[in-house]
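Since the structure comes first, as structure tokens, the remarks are kept for the end.
The values are calculated or read from the model by the stated rules, or taken from the named source; none is laboratory data. Everything quoted here is computed from the prediction, not taken from an experiment. Here the Cβ positions follow ideal geometry from the backbone for every residue, glycine too, while neighbour counts run over all protein chains shown. Please note that ligands, DNA and RNA were not included when accessible areas were found on the heavy atoms of the full protein model with its side chains. Shrake-Rupley method; radii C 1.70, N 1.55, O 1.52, S 1.80 Å.
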Amino acid sequence: MKRLHFLSVAACLALVTSGCGGGAVSQSAAGGGSGSDKTTYLTKTCTGYQPTVGVTDDTIKIGYSGALGGPFATVGVGLWGMLGYFDMVNAEGGIQGADGKKRKVEVVYKDDQYQVATTKANVQKLVDDDKVFALLGIVGSSANQAIRPIVNNGCVPDMFATAGAPELGDPSYPWAINGPVSVYSGEGLTYANYLKEHSPNATVAIMSQNDDYGKAEVGSFKDGIAGSQVKIAKEVTFETTDADLSGQVTTLAATKADVVIVIALGAQMLQSINLISGHPEWKPQIIAAPIAVSQLSQLNPGAGDGLLTGSSINVDDPKLESDPKVATFRKWVQPQFSKNNVKLPVSAGVGGWNEAALFAQSVTNAPAVTRADVMDAAHNLKPDLSKIIFIDGLTLQTTPDDPYLVEGMVIGKWDSKAKALSTVDTIDLNGQVKFKSYK
């Protein structure tokens, strides 16, 4: 359920093709996988580098694992946006590589119900049995960290994950990279910067998911307010399996804090906002971890009015129907939603659409269609913004030393009557978010 806005938030992929094929091999495949000077930082992790697995002269196969059913099904909805993008690309003949050949994308996808153990098993099968060239949009921070040994030892690109964990920028594991979703540690720093500027004496209550996601956001927020007059009044956590969060809200309400930061996903985020907004005595400024307009619209009437969150382009807005990028997105993604009986607004597919676009750009930019070259291209990417759906104001860029594509946030204020976000601030932290683990 994370980031149905940026990537929006959710996205995924996987492909199918038989065999390893005869794709071109660059210097990075020389010497049995020793790698060129440019890509040695990647291939030195390999126990056996196979540069062109999943590639033929006319196809490229990728793999995806995410929640496609069960209580977390909205987390994996980005897959349909991804498939829509590749439908469009394949209709045009495929992704063109540096060798001049166009390759159609085949996606092999598997349901993991948002269970880490299942994701790991799925990825092992995608790599060993399905022989995918790369993984794309794998859902979940914990899941992407669990599969790092598989992708690092096998030198299999784990590209543009539907996850904001700062650990995906760990230089010890260069075969994984975050997708077009703000890195969690960057979000924590954004909240800190916003409060230091707009509410420098605020007292803050924090309600967070008890996992790597919550720890990274809270930890980086604490780093960001260090030395300032912003103070934390109380912190509470909850488990993703908790059905009732009223106890946590009651505890925080007793502090009378000026601001409450809510770090949650999906139904738990909505429940938290409804409970806080409905409290008879406590009316704090709510700062919510990025949540899509399509989800905010499901709040109780009037709930969350004035809350602050990460803003994004709402492709469901009728006013944007004539926008060329939005029109193209809807043309190709709506059929996937209909075919797969997805009952969510089509905006839920933006994340997967963007992940697919970034993958395509990485393949096109690479000097050869090999795993190391394409992964290196993803680490040296300044995206063509005309090909993705992303709100203006932030610098999108990766380098090997700074692999976080999205650092910072366009902060929007929720109008519950208009069911819309209006921009109140843009905090661009490009190049400022350094790798740090908050486990």
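Numbers below:
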read-out	value
Any helices (runs of 4 or more DSSP H) falling wholly within the range 323-439 and containing at least 2 residues that are of a type in the set (Phe, Trp, Tyr) and in contact (Cβ under 8 Å) with a residue 12 or more places away in the chain	324-339, 350-365
Where Ser220 falls short, out of the listed (1) buried (at least 22 other Cβ atoms within 10 Å of the Cβ); (2) more than 16 Å from Ser437 (Cβ to Cβ)	(2)
Meets criteria (over 24 Å from Cys155 (Cα atoms), among the polar types (S, T, N, Q), open to solvent by 30 Å² or more (accessible area, probe 1.4 Å) and in contact (Cβ under 8 Å) with a residue 24 or more places away in the chain) for Gln96	no
Within the range 142-161, tally of residues that are open to solvent by less than 10 Å² (accessible area, probe 1.4 Å), farther than 18 Å from Asn380 by Cβ and touching a residue at least 40 places away in the same chain (Cβ under 8 Å)	2
Residue in the range 112-126 that is open to solvent by 10 Å² or more (accessible area, probe 1.4 Å), farther than 17 Å from Trp353 by Cα, in contact (Cβ under 8 Å) with a residue 60 or more places away in the chain and not hydroxyl-bearing (Ser, Thr, Tyr) present	no
Check on Ala360, farther than 17 Å from Met82 by Cβ, surrounded by fewer than 22 Cβ atoms within 10 Å (Cβ to Cβ) and either of a type in the set (Ser, Thr, Tyr) or out of contact with any His (no Cβ under 6 Å at 6 or more places or on another chain) (or both)	no
Among (1) touching a helix residue (DSSP H, G or I) at 6+ places or on another chain (Cβ under 7 Å); (2) modelled with pLDDT of 95 or more; (3) open to solvent by less than 10 Å² (accessible area, probe 1.4 Å), the one test that Tyr109 misses	(3)
Any hit, the range 211-233, residues being at pLDDT below 95, over 19 Å from Asp376 (Cα atoms) and aromatic (Phe, Trp, Tyr)	yes
Count - residues of the range 296-312 that are surrounded by 14 or more Cβ atoms within 10 Å (Cβ to Cβ) and either closer than 21 Å to Tyr194 by Cβ or of a type in the set (Gly, Ala, Ser) (or both)	11
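Residue by residue, here is whether (1) touching a helix residue (DSSP H, G or I) at 6+ places or on another chain (Cβ under 7 Å); (2) buried (at least 23 other Cβ atoms within 10 Å of the Cβ) holds:
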| residue | (1), (2) |
| --- | --- |
| Met207 | yes, yes |
| Ser228 | yes, no |
| Lys231 | no, no |
| Val236 | yes, no |
| Leu245 | yes, no |
| Lys256 | no, no |
| Val259 | yes, no |
| Gly266 | yes, no |
